[in-house]
Amino acid sequence: MISKVRSHVTQNEPLLFELSSPGKKAYQLPELDVPPVNASKALGAEHVRSEIEGFPEVSEVEAIRHFTRLSTWNYAIDLGLYPLGSCTMKYNPRLNEAVARIEGLAWAHPYQPESLSQGAMEIMSALESALIEITGMDAVTLQPAAGAHGELTGILLVRAYLESLGNPRKKILIPDSAHGTNPATAAIAGYAVENIKSNDRGMIDLELLARVVDEDVAALMITNPNTLGVFEEQIARIAEIVHSKGAQVYMDGANMNALVGITRPGDFGMDVMHLNLHKTFSTPHGGGGPGSGPVAVKKHLEPFLPLPRLKAGSSGLTFDYDRPRAIGRVKAFYGNFGVIVRALAYIMAHGGEGLRNATMDAVLNANYIRKKLEGYYELPHSAPSMHECVFSDARQAKQGVKTMDIAKRLIDYGFHPYTVSFPLIVHGALMIEPTETESKRELDLFVEALIAIAKEVEEDPEIVLKAPHGTRTGRVDEVTAARKPVLRWKPAD
Ligand SMILES: *Cc1c(COP(=O)(O)O)cnc(C)c1O
């Protein structure tokens, strides 16, 4: 029934405790040539653990195999397509990892004097310049540690700027297709959030916008392309409407993977934006490691950028702390430097032409998937896709099958699920972002899997409703698992 399964993983690994048999050892030590001492006496009883019972005893090869097999349970971009939408889970060239580990870069210390940090500072300066060119903005800070942190920094810049004009204003407008971090950012920056509804093409309704923008509005936060994977065609007009009431336009640039080398936010009227280096410009994304959310601004916001700023002096680059209008610091030191190094390596290795090609391939791949699947899954907004496409489970729901069930079944076919139930404006969403990384072969396997599942839903929905079948653990009670996690193993009685 799952003949096309490409089983990337070995799913029947027991717990290490279950592999244990007394007396096995994973080490060989030479015979003791000094008198033995009692551990409690030598270290103090409080440092010697006594409460662990049934500690696993296994051989070296058993330990190695156990952990190696477990490592294959972790689905990764190195195994196959990782189609999460809104995340840009692209493959990151190993070269950039090698560059980030170059000794002088990996071991540079933030307290090193400026005279000994000129190379690192030049890397930061070169990346700022590259990002200015890519975004069409006037200045960049590399400090924020993630996209959401960039948003907060950017909205604090807007607040500082408006305050300098006499009134920070009260509200931020956010389309209903926005990422959840946008309203959170607005609230933390002390603004009320007003939602604006998208039209049936998944875009901002200009008439509605013109009605809601007034002198209380500090900014519109807009994601472009938005979370439906749709480019806001009227973006320049949107900016004009917002500016006409003295408000600012913040662009969430997390989806720049669809724009780089094609169009520039600075050219279509954006005042401030962030980039996710860990989505668009290398750095493995999704492993919970450090990210980077540089903020790019137009000239009028530049004086407010956080401290310190890189500045060219007579003896090279320096950090400028003498900026009285700055919003202050947003991060210790200078940003996540390793991510900055990877981003510059990625940009330089690709060059302008290469970056543009990556964008074109990302958009092509998303449209390929949309076209191949539109006969099988409902497409709530039919505008052309940029980097991702969003289907709904409306057809499958008639057989009682929901987006979560389809996602679980996809695991049996050897793929990581797509993003489930987001964006919220699409009921039962299946959000798919293939990225430029994937070959036609991999995309076809993915499409075949989703088509096979759509057929299963028609013929035998139980298979899908009870999926996954090929994993060690099936459906878990996610609420209880989150609220009352069982983190300790207890030996069976
Ligand atoms: C990922 C994402 C963010 C948040 O970025 P983090 O680096 O995860 O904080 C914000 N907006 C959009 C549209 C995103 O896709």
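Using a ≥ b ≥ c from the Cα gyration tensor of the chain (square roots of the eigenvalues), is it rounded, prolate or oblate, where a/c under 1.5 gives rounded and otherwise the larger of a/b and b/c decides, a/b for prolate? It comes out oblate by the Cα gyration axes. Kindly state, to the nearest 0.05, the FRET efficiency for D322 paired with H300, given R0 = 25 Å and r defined as their beta-carbon distance. Step by step, r from the Cβ atoms, then E = 0.80.
Label positions at S164 and N357, each projected 7 Å from the Cα along the C-beta direction, are separated by 4.2 nm. With neighbour counts taken as other beta-carbon atoms within 10 Å, the residues F281, F17, F337 rank, fewest first, as F17, F337, F281.
Treat the count of other C-beta atoms within 10 Å as a stand-in for reagent exposure and order S244, S59 from fewest to most. Walk me through the numbers on the way to the answer.
Values: S244 10, S59 14.
By the 10 Å Cβ count, ascending: S244, S59.
Contact order normalised by length for segment 357-480, with contacts defined as Cα pairs under 8 Å and 6 or more residues apart; what percent is it?
Numbers: 189 pairs, mean separation 35.7, N = 124.
Once divided by the residue count of segment 357-480, the mean separation gives 29 percent.
First check a/c for segment 376-493, with a ≥ b ≥ c the square roots of the eigenvalues of its C-alpha gyration tensor; if it is under 1.5, answer rounded, and if not, answer prolate when a/b is larger than b/c or oblate otherwise. Walk me through the intermediate numbers first.
Working: a/c = 1.72, a/b = 1.67, b/c = 1.03.
Cα axes put segment 376-493 in the prolate bin.
A straight line joining the Cα centroids of segment 137-178 and segment 259-315 runs 12 Å. Annotation: amide H of L310 within the under-5 Å range of D320, sequence separation 5 or more or interchain, hydrogens built in the peptide plane. Between T471 and D78, full extension at 0.36 nm per residue minus the direct alpha carbon distance yields a gain of 139.5 nm. Pop the C-beta distance of A192 and I262 into the FRET formula with R0 = 56 Å and round what comes out to the nearest 0.05. According to the calculation, E is roughly 0.95. In this rough spin-label picture, where each label sits 7 Å from Cα along the Cβ direction, the K245-Y111 distance is 5.1 nm. Around E207, what is the net charge, scoring Lys/Arg as +1 and Asp/Glu as -1 over all other residues with Cβ under 13 Å from its Cβ? Residues near E207 contribute +2 overall. Net charge within 15 Å of T359 by Cβ-Cβ distance, Lys/Arg positive one each and Asp/Glu negative one each, not counting T359 itself? Combined, the nearby Lys, Arg, Asp and Glu give -3. Between I102 and K455, the modelled label-to-label distance comes to 5.2 nm, taking each label 7 Å out from Cα in the direction of the beta carbon. Quantify how much of the Cα-Cα distance distribution of segment 1-151 extends past 26 Å, in percent. Percentage above 26 Å: 63.
Over the chain, what relative contact order in percent results from Cα pairs under 8 Å that are six or more residues apart? All intermediate terms of the calculation are to be shown ahead of the outcome.
Details: 886 pairs, mean separation 94.7, N = 493.
19 percent.
Rounded to the nearest Hz, the phi-derived 3J(HN,Hα) couplings of segment 221-238 under the Karplus curve 6.51 cos²θ - 1.76 cosθ + 1.60 (θ = phi - 60°) are 9, 10, 9, 9, x, 7, 6, 8, x, 10, 7, 6, 4, 9, 4, 5, 5, 4, where x marks glycine and proline. Count charges around T227 for me, please; just the other residues with Cβ under 10 Å from its Cβ, Lys/Arg as +1, Asp/Glu as -1. Once all neighbours under 10 Å are counted, the net charge is -3.
Stretching K372 away from T68 to a fully extended chain increases their span by 105.8 nm, per 0.36 nm per residue minus the current alpha-carbon distance.
In nm, what is the difference between 0.36 nm times the number of residues separating E122 and E57 and their Cα-Cα distance? Display every interim value, and only then the final one.
Values: separation 65, 0.36 × 65 = 23.40 nm, distance 5.21 nm.
Gain on extension, E122 to E57, equals 18.2 nm.
Exposure proxy ranking for M273, M404, M89, based on other Cβ atoms within 10 angstrom of each Cβ and starting from the fewest, stands as M404, M89, M273. Determine which residues of segment 54-80 fall in the zone a paramagnetic label at K24 would reach in this model, i.e. backbone nitrogen under 12 Å from the point 7 Å along Cα→Cβ. Only 56-67 fall inside the zone, counting backbone N under 12 Å.
The numbers here are math on the coordinates, done by the rules we state, and not lab data. Since the structure is predicted, the reported quantities are computational estimates derived from the model, not experimental observations. As a convention, Cβ positions derive from the backbone with ideal geometry for all residues, glycine included, and neighbour counts pool all protein chains shown.
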